[in-house]
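Right, one structure below, let's go through it.
Only the coordinates and a few stated rules stand behind these numbers; no lab work does. Remember, predicted model here, so these are calculated numbers, not experimental data. Cβ coordinates were reconstructed from backbone atoms using ideal geometry, including for glycine residues, and neighbour counts include every protein chain displayed.
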Amino acid sequence: MSPDRDESQGKPWADETEFHLPEDHWPLPELVHTEKPHEAPTTDSFVAVSKTAEYLNLRSTFRNFAFPMTVAGLVSYFTFVLLSIYAVDFMATPLVGSLSVGMTIGLLQFAVVYAWTFIYVKFATKKLDPVSGALKAQLEKGVQA
Amino acid sequence: MTLLETTQYGNPMINIGVFALFVVATMGIVIVVTRQKSKATDFYTGGAAFSGRQNGLAITGDYLSAAAFLGVTGAIALYGYDGLLYSVGFFVAWIVALFLVAEPLRNTGKYTMADVLSFRMNQKPVRTAAATSTLVISFVYLLAQMAGAGGLVALLLGVSDRNMQSLVIALVGLLMVAYVLIGGMKGTTWVQMIKAVLLVGGASVMALLVLLGDGFNLSELMAQAQTAALDPAYGNGKDLLVPMQQYGASEFTKLSFLSLSIALVAGPSGLPHVLMRF
């Protein structure tokens, strides 16, 4: 199941990090694959994909989500901080029993982070993962071609 | 910073025993996990053998430093509201790390932060900057962690002599080095996973026990903490539930509070041990 087993196929010492050396430095033939390790997509193919509409769409989808969410999260946090500094009496007024308004708002920040993470996971699974998975498959198919 | 005085907590022999048990157990796990044959690259990356859930747990372990468990508790116990900022700030930092750092870093196929940063830029200056930042942050971070860990161990072992305490801190440091050398990335990832479970589990149990004492009435608990704090024999006579008790002295300290809040929210995204997990 581990990637090592698959690659070495019974030759446990196959170590792809030595393949970049000149051939006379490669490990003994009986200990190694005769095939080179599988190629990754080239820089050119990455550059080509980076110009496609799909890819640019993916990036803008992500950015249009991430920036507003980050800004909203930070606005909420800094409201808490600035109120704590400059509106001390307001933040000190008891809200529920002896829990002050300030403490409640502080604890609400935790809820914000949980909510944001939940929303992000839903968003990524629905909108980002399918597109990036397709692009990755496309790149890898191009290599095997 | 003065190290702890000689108050004795529990029986030192039992404490040493439990401590040794944890060390042996985790070191054992590290050795077992790294026994599988692996490539050199696996030492640095963990061989992509971790599932999303496991990696998430490891990130939790890295993100929750000793500060989250010990320091923040202490800060809140002594300064109440102002101490709350530490935990809130660090938590909100997760949003910054998640949206602005983690997603763009995902799946770049590179091993280290320096690799990712220098991907499209001039290699040398970027790598130098990344290395310097990592070293500086690690040094400062380690100072605090080691002092805390060593102090805690010295307390549990009942060590009072200043030199002995320093020796304990040094030994704890060597132990950590041993974990990393023996385990590599795989081993340390497992250690972080175990740590995350223990930290969250331990803190939850303690929180439950404390709340149990007040019948799960948070408001009542706060009121009692308040009374204890205002009592000069226990606390430092400060009101726990009101902001600006620690930082409200002057405009400068107020700005200091704001500066702390910015550092807490922006800093964790740059921590090398968190970044490397993305």
Jot down the radius of gyration and Dmax of region A:43-144, Cα atoms only, both in angstrom. 21.3, 67
Enumerate by residue number the trypsin sites (Lys or Arg not before Pro) in region A:35-128 meeting two conditions: DSSP loop (anything except H, G, I, E, B), and at most 11 other Cβ atoms within 10 Å of the site's Cβ. A:51
Quick one: Karplus J couplings for region B:261-270, per residue in order, coefficients 6.51, -1.76, 1.60, θ = phi - 60°, nearest Hz, x for Gly and Pro? 5, 5, 4, 5, 8, 8, x, x, 5, x
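Before rounding to the nearest 500, sum -39500 (n - 2.57) across all DSSP H runs of length at least 4 in chain B and divide by the residue total; then give [θ] at 222 nm in deg cm²/dmol. Mind showing how you got there, number by number?
Values: 11 runs with 189 residues, N = 278.
Value at 222 nm, helices only, nearest 500: -23000 deg cm²/dmol.
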So who's got an amide H within less than 5 Å of the one on residue A:95, skipping anything under 5 residues away but keeping other chains? H placed 1.01 Å off N, in plane. A:100, A:101
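Take every residue in peptide A:76-82, count the Cβ atoms of other chains within 10 Å of its Cβ, and give the average of those counts.
On the way: counts 2, 12, 5, 0, 7, 12, 3.
Averaged over the peptide's residues, the number is 6.
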May I ask you to evaluate 6.51 cos²θ - 1.76 cosθ + 1.60, the Karplus curve with θ = phi - 60°, for each residue of region B:17-22 and list the ³J(HN,Hα) values in order in whole Hz, giving x for glycine and proline? x, 4, 4, 4, 4, 4
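Using a 10 Å cut-off around each Cβ, can you sort B:214, A:129, B:62 from fewest to most neighbouring Cβ atoms?
Values: B:214 14, A:129 11, B:62 21.
So the ranking, lowest neighbour count to highest, is A:129, B:214, B:62.
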Cut-off is 10 Å between beta-carbons; in what order do B:182, A:85, B:29 appear when sorted fewest neighbours first? B:182, B:29, A:85
In Å, what Kirkwood hydrodynamic radius results for chain B from the alpha-carbon pair distances? 21.3 Å
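With charges only on Cβ, +1 for K and R and -1 for D and E, what is the dipole size of region B:12-275 about its Cα centre, in debye, rounded to 20? Could the numbers behind the result be given before it?
Numbers: 14 positive and 11 negative charges, 259 e Å.
Roughly 1240 debye, rounded to the nearest 20.
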Within 10 Å of each residue's Cβ, count the other Cβ atoms and sort B:176, B:222 from fewest upward. B:176, B:222
If one compares the long axis through the Cα atoms of helix B:162-213 with the longest principal axis of the Cα atoms of chain B, the angle in degrees, nearest 10, works out at 50 degrees
